[in-house]
Ligand SMILES: [Mn+2]
């Protein structure tokens with residue numbers, strides 16, 4: 001195994017060439033990632049944005065939430081000075097690029113801008129990607145969207161400095177579950193080796209991403225674990241719980257601090273499927289689901305209007321908890 005093995009293998013060479021042509025000839029590039037950005041979405045976007053800016057291009061980056069706010073645990077990522085609120089985003093960009101976005105809906109309010117873009121380059125690794133771009137760089141075999149961005153940077157001849165590498169590594173390390181998921185391939189580790197060689201600090205990043213939270217998180221986690229249920233009626237074993245707005249309000253805990261709860265719940269031996277329902281600030285339920293492999297949760301979530309990967313997916317529900325869980329159980 002050579003250390004230079006790369007991802008993006010299922011994207012045809014002519015598509016890479018077209019992407020290189022589009023990006024090289026553009027003076028201005030508008031970048032967007034999915035709403036409620038995770039480290040792969042935001043990191044991939046900022047990585048390309050910083051590299052293009054260093055090449056002298058005008059870069060705008062955003063995600064389509066009216067209440068525009070970078071999640072606290074991603075604020076350590078470099079390149080955030082590229083971010084603009086969706087209202088300041090080019091209404092009809094010459095060249096727009098999206099990162100980690102499987103369907104146009106996940107662009108939020110920027111879906112309108114994408115619809116008016118002259119060229120729309122979709123960079124993603126979701127198997128469920130609908131191919132909504134004028135050019136789609138989609139490789140479901142890639143461990144992260146960051147893998148595709150690294151390949152694009154290489155083809156563009158743009159250097160990966162420590163800041164760019166930090167953003168790419170954030171995407172790679174989170175989407176592989178800290179190199180624990182089945183996406184932990186020789187290619188993934190080879191990419192990690194290249195990124196680490198720039199001198200980024202993996203210990204500091206791990207602390208930012210997983211190992212810190214306000215004290216209130218422990219109380220809210222406690223409330224979630226206090227009401228956790230193990231349901232064996234579905235055959236696969238289902239473990240689930242929920243967190244209300246009131247739980248968070250008691251400790252002033254922002255919604256985006258709830259990310260890690262599913263990782264505690266999903267460890268249950270007796271369950272193949274884990275679900276955490278999180279009430280957001282608008283009163284909607286954001287439902288995170290995980291599978292150990294017996295169930296393709298992306299299909300269940302897609303049937304409920306969401307999506308994701310076979311072992312990690314989600315959807316939004318406007319129904320009460322019990323009704324949402326009844327629909328979910330019926331689809332298992
Ligand atoms: Mn991803």
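Listed values, structure above:
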quantity: Boolean, residue 183 is within 16 Å of the ligand (Cβ to nearest atom), under 26 Å from residue 199 (Cβ atoms), touching a helix residue (DSSP H, G or I) at 6+ places or on another chain (Cβ under 9 Å) and not in a helix (DSSP H, G or I); calculated: yes
quantity: Verdict on residue 149 being within 13 Å of the ligand (Cβ to nearest atom) and either at negative phi or free of Cβ contacts under 8 Å to residues at least 40 places away in the same chain (or both); calculated: yes
quantity: Filtered residue count, the range 81-121, keeping only those that are more than 16 Å from residue 26 (Cα to Cα) and not in a helix (DSSP H, G or I); calculated: 11
quantity: Subset of the range 16-48 [within 14 Å of the ligand (Cβ to nearest atom) and in a strand (DSSP E or B)]; calculated: 33
quantity: Of residues in the range 49-68 being in a loop (DSSP other than H, G, I, E, B) and without any contact (Cβ under 8 Å) to a residue 60 or more places away in the chain, the one nearest to residue 27 (Cα to Cα); calculated: 57
quantity: Residue among 158, 137 that is farther than 22 Å from residue 71 by Cβ and assigned to a loop (DSSP other than H, G, I, E, B); calculated: 158
quantity: Residue 75 away from the ligand (no atom under 16 Å from the Cβ) and at pLDDT 95 or above; calculated: yes
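Listed here are the residues, each with its yes/no results for (1) under 19 Å from residue 289 (Cβ atoms); (2) surrounded by fewer than 15 Cβ atoms within 10 Å (Cβ to Cβ).
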position: 199; (1), (2): no, yes
position: 210; (1), (2): no, no
position: 216; (1), (2): no, no
position: 223; (1), (2): no, no
position: 230; (1), (2): yes, yes
position: 237; (1), (2): yes, no
position: 241; (1), (2): yes, no
position: 246; (1), (2): no, yes
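Per-residue answers, yes or no, for (1) within 16 Å of the ligand (Cβ to nearest atom); (2) farther than 27 Å from residue 259 by Cβ; (3) over 16 Å from the mean Cα position of the chain (by Cα); (4) in contact (Cβ under 8 Å) with a residue 40 or more places away in the chain:
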position	(1), (2), (3), (4)
115	no, yes, yes, no
123	yes, no, no, yes
154	no, yes, yes, yes
196	no, no, yes, no
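The values are calculated or read from the model by the stated rules, or taken from the named source; none is laboratory data. All values derive from a computational prediction rather than experimental measurement. Positions of Cβ are backbone-derived with ideal geometry, glycine not excepted, and every protein chain shown enters the neighbour counts.
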